[in-house]
1. What translational diffusion coefficient, to the nearest whole µm²/s, does the range A:1-137 have by Stokes-Einstein, given a Kirkwood radius computed over alpha-carbon pairs, a temperature of 37 °C and 0.692 mPa s viscosity?
2. Per residue of B:20-30, count partner chain C-beta atoms within 10 Å of its C-beta, then hand back the mean as an integer.
3. Would you mind computing the Rg to Rh ratio of the protein assembly as shown from its alpha-carbon coordinates, Kirkwood style for Rh?
4. Any idea what the alpha-carbon Rg over 2.2 N^0.38 Å comes to for the range B:31-86?
5. Please list the non-local residues whose amide H lies under 5 Å from the amide H of A:VAL15, H modeled 1.01 Å from N, same-chain partners needing a gap of 5 or more.
6. With Cβ to Cβ distances under 10 Å as the rule, what net charge do the other residues near B:ARG78 carry (K, R +1; D, E -1)?
7. Evaluate the Debye formula for the range A:171-255 with equal point scatterers sitting on the alpha carbons, no solvent, and hand back log10 of I(q)/I(0) at q = 0.10 Å⁻¹, in q order, two decimals.
8. Over 22 Å between Cα atoms, which of A:LYS12/A:LYS95; A:LYS181/B:LYS10; A:LYS33/A:LYS79; A:LYS33/A:LYS165; A:LYS17/B:LYS11; A:LYS181/B:LYS14 qualify?
Amino acid sequence: MTSKVITVTSGKGGVGKTTTVANLAAALAADGKKVVCIDGDIGLRNLDVIMGLENRIVYDVVDIVEGRCRTRQAMIRDKRLPDLFLIPAAQTRDKNAVSPSDMVRLCNELREEADWILIDSPAGIERGFRNSIAPADEILIVTNPEMSAVRDADRVIGLLEAEEKPAPSLIINRMNPDMVKRGDMLSVEDVYDLLRINVIGIVPEDENVIIASNRGTPLALDGKGRAGQAFRNIAHRLNGEEVPFMDLEARSIWERLTKLTRGR
Amino acid sequence: MSILEHLSGKKSAKSAKERLQLVLIHDRTDLSPAALDALRDDLIATISRHIDIDPASMHIDIEREGRSQRLIADIPLRVIGSRRSG
Ligand SMILES: Nc1ncnc2c1ncn2[C@@H]1O[C@H](COP(=O)(O)OP(=O)(O)OP(=O)(O)O)[C@@H](O)[C@H]1O
Ligand SMILES: [Mg+2]
């Protein structure tokens, strides 16, 4: 397989980029692919804790770029998935320690051995964002169904268009079907109508996301949980499979049963 | 949400979408509502120098089409046929 560099970005902060990278990486690696994640958020690294690898960091991306270690030495192997690796961000350096061409060079080296290279972009449209999109073959924009997240997503889409980057796809995260039904949350159709780019994923609001991040184990790995399923679906779509969007209103049989027995 | 919208029971998602539609047009074109008004006034003045138009019947607006927008001007022209026969 020819390798692909996927950058996850958003404009607005806190919409779920790091969560998305950790889960897509786990889902792709569980399929037997070799996956390398790069934390592009220099100074505010987070992907290490979400993946549960924070205690094993020796070298980081700035060490690679500045020649203090070989790329291999900065790649931390996941605890459970032998084909999943993380290159952490530097915590005590600023974003200017890495340039867009450094990122292109690093990714070209990684392309030799990895099937997927996933880059966790920082929020905003500054240097860290520029670094993250420079090597991208494909760009995923994460948004939430609310005013400022959609507006910022549109800004980023416009910037990518102006720079003739690959056309991005959209992940709408933290959908709450009950609020949509009440008319108090933008629907998937509304967000699509506003942004008009290909929707590759719809992820529900799910407390399992926080539980999984507490534990440092991506929720895409365990069978149950709706957000985990949504991330696995996105991973399959990245692989070129056609996967229907799940009905966010349909609850699992288990949830329905517990509701019934508790309900009265 | 305005008080009127509150009274009419308009849902907040609907307000969000309508507000976003306007905000995105202005973000994408770098044209504020005030700048669009100024453009409208300039257009009316320029066209009026050549032909007789009724400013009240003109529509100049930005329309969305996918991710692009276009400036649409709809300018009804007055019928002047009667002057020649008189
Ligand atoms: N689908 C979801 N359901 C519930 N909580 C979520 C969901 N997605 C993300 N979160 C929570 O939202 C918070 C922000 O997520 P995350 O760190 O992935 O965002 P980010 O875009 O990477 O933020 P930053 O811009 O700061 O890097 C986290 O606490 C995460 O657990
Ligand atoms: Mg993050």
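Since every read-out is calculated from the coordinates, none of them should be taken as a lab result. Remember, predicted model here, so these are calculated numbers, not experimental data. Heads up, the Cβs are rebuilt from the backbone with ideal geometry, glycines too, and the neighbour counts pull from every protein chain shown.
1. Working: Rh = 14.4 Å.
Diffusion coefficient, whole number: 228 µm²/s.
2. Working: counts 12, 3, 0, 6, 9, 0, 0, 5, 5, 0, 0.
Counting other chains' Cβ atoms within 10 Å and averaging over B:20-30 gives 4.
3. 1.10
4. Normalised Rg, Cα atoms only: 1.44.
5. Placed amide hydrogens put nothing under 5 Å from A:VAL15.
6. Local charge sum for B:ARG78: -2.
7. Normalising to I(0) and taking log10 leaves -0.26.
8. Over 22 Å apart, Cα to Cα: A:LYS33/A:LYS165; A:LYS17/B:LYS11.
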